[in-house]
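Comments concern the structure below.
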Amino acid sequence: MHSDVIFVLVVGTALAFDFTNGFHDTANVVATSISTRALPPRVAIGLASLLNFAGAFISLKVAATVGKGIVDAGSVTGHPTIVFAGLVGAIAWNVITWYYGLPSSSSHVLFGGVVGATLAAVGSGAVMSHGLLGKVVVPGLVAPLLAFVVAAIAIIAAYRIVGRLRPGPVGSGFRAGQVVSGGMLALAHGTNDAQKTMGVIGLALVAHGDISASHFQIPEWVVISAATAIALGTYAGGWRIIRTMGSRIIKMDSAQGFAAQGSGAAVILAASHVGFPLSTTHVISGGVMGAGAAKRLSAVRWGVAGNIVLAWLLTIPAAGGFGAIVYGITRAFGVNSEAGPVIVSAAILLGTALVFARRVRRGSPLTAAET
Amino acid sequence: MTIAFSFTVAGLTRFAEARRNGHGVAAGGWAILALIGLAVVAAAIVLGIVVMTTKT
């Protein structure tokens, strides 16, 4: 990379994306626990935040996937603005879906942004279409369906086992179980998602010439900073999506909450074990819909579910489009010029400050009673 | 995991009822069912952590 300024901007933007990833995906882990009152909202989010931080240290396999499997790492060497533009595109779509309370996949957002910027800068030759199809598109279709079926079977079996018992002790039992199943999800989320940012920073390090594309290794400082950013984002809490996941798709009881979380964790870990990475968002959303539909088809608000699926379908092209546009803007100031990324970063900071100022003026987030 | 945990919840609930009604043998049976369910859940959690930690 020709400029240290651009490198610093890329790393800062990657960590900002990691923060939005945690912020956006808090709902995956805590929404069902808060909705069924298994945990108070702040306790649920604090626990999820800690476990996301811990999860980021567990494995670096996903980080290597981002760095090597989707775009040709060698092609971005000397083009740091590609990584920068991809990240800004990803952040833009994450913020839009958060604003509308839609639980879209942060992984797909990131891949979409980076692929869009790469297409605009280098062309289709640098995009590994086989990797994109096998590691992103196919899992994106399979994950929600698999979680839907597993959660539906699990809740039907659970109702058969505990259906005739007094609801009080049964509800308490499943709420206690949700603390554990939510913890497992948070750990799995940290393991998967923090590493995606590590992979992107790894790409920037390749572009900067600090590490070789053929010996792709993530330095310790990258692991620590990515873990911290996702944990802080999780702690900040994306309440709009928590509300959608917790109560707008279905009105869930504690058994359904446990079935959605337990099935989600099982599907993610089983898929992980056979090297098939799945989106936590898709899995949990599918699990929540499955747990609701198995009880009664009309229990699922299909309009909300439809909006979520539409957001999933739009995620990769939309983030890719934003990534390509941002690359075009930065390129207008000259190839690898510092001016483009600096101006875009300043605009992002200003936009973020305005959004958060508006949020602060609107008052505190929801309580458990509101979910 | 959900099915095993459902047996734990059912076992514990029935155990409490049976003990309250003075049915010692039945209470013991339900307690064993609850423990088996809990053991399966614990095994699933350990397996999950092993899967996460052994990704290389």
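Assorted remarks:
- C-alpha long axis of helix A:280-295 to longest principal axis of chain A, angle in °: 20 degrees
- 1.4 Å probe accessible area per residue over chain A, in Å²: 37 Å²
- Approximate spin-label separation B:Leu35-A:Arg164, in nm, with each point projected 7 Å along Cα-to-Cβ: 2.6 nm
- The stretch between A:Ser337 and A:Leu297 holds 8.9 nm of extra length on full extension. This uses 0.36 nm per residue minus the Cα-Cα distance.
- Scattering profile of the stretch A:248-364 at q = 0.09, 0.15, 0.24 Å⁻¹ [log10 I(q)/I(0), Debye over alpha-carbon scatterers]: -0.46, -0.92, -1.18
- For the protein assembly as shown, calculated [θ]222 nm from helices alone, where every DSSP H run of n ≥ 4 adds -39500 (n - 2.57): -26500 deg cm²/dmol
- Overall shape of the stretch A:48-205 was characterised from the C-alpha gyration tensor. The equivalent ellipsoid obtained from it has semi-axes of 38, 17, 14 Å, in decreasing order.
- Stokes-Einstein translational diffusion, chain B - Kirkwood Rh over all Cα pairs, 1.002 mPa s, 20 °C, in µm²/s: 178 µm²/s
- Interchain or long-range residues, amide H under 5 Å from A:Val71's placed H: A:Met128
- Semi-axis lengths, largest first, of the ellipsoid equivalent to the stretch A:79-172 are 42, 17, 8 Å, with √(5λ) applied to each eigenvalue of the Cα gyration tensor.
- Our estimate of slack between A:Leu133 and A:Trp221, defined as 0.36 nm per intervening residue step minus the Cα-Cα distance, is 28.6 nm.
- Between A:Ile153 and A:His273, the simple spin-label model (points 7 angstrom out along Cα→Cβ) gives 1.4 nm.
- Candidate cross-link partners of A:Lys251 among the aspartates and glutamates, defined by an alpha-carbon separation under 15 Å and a same-chain spacing of 8 or more, comprise A:Glu370.
- Averaging 1/r over each pair of different alpha-carbon atoms in chain A and inverting the result gives 20.4 Å, the Kirkwood hydrodynamic radius.
The values are calculated or read from the model by the stated rules, or taken from the named source; none is laboratory data. As the structure is a computational prediction, the values presented were derived from the model and not from experiment. No Cβ is skipped: glycine too gets one built from the backbone with ideal geometry, and neighbour counts run over all protein chains shown. Protein only, heavy atoms only, side chains kept; ligands, DNA and RNA dropped before computing areas. Shrake-Rupley method; radii C 1.70, N 1.55, O 1.52, S 1.80 Å.
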